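This report refers to the structure that appears directly beneath it.
Nothing in this text is a laboratory measurement; each read-out follows from the coordinates by a stated rule. Model, not experiment: these values are computed from the prediction. Note that each Cβ is placed from the backbone with ideal geometry, even for glycine, and that neighbours are counted across all protein chains shown.
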């Protein structure tokens, strides 16, 4: 996975999490199905961010 691919995955996960949080009224993990879904998607976005960071840091720098 390239840093660009990892970034795209993060952006996609973040958008899904944002939409889910709006749908549940801003209370992820509140015990409702919508809140549970939102909480899960926020966790997925966090994981995608971690994968982006790891990929970006592993990529050798180019240039002088």
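One table, with the values for the structure above:
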| item | result |
| --- | --- |
| 0 to 90° range, to nearest 10: angle between helix 33-58 axis and the chain longest Cα axis | 10 |
| Point-to-point label distance, residue 40-residue 7, nm (Cα→Cβ direction, 7 Å offset) | 3.0 |
| Entry for volume of the Cα convex hull per residue in Å³ (calculated from the structure that is shown) out of (i) 90; (ii) 249; (iii) 73 | (iii) |
| R0 of 35 Å, Cβ-Cβ distance residue 57-residue 32: FRET efficiency to nearest 0.05 | 0.40 |
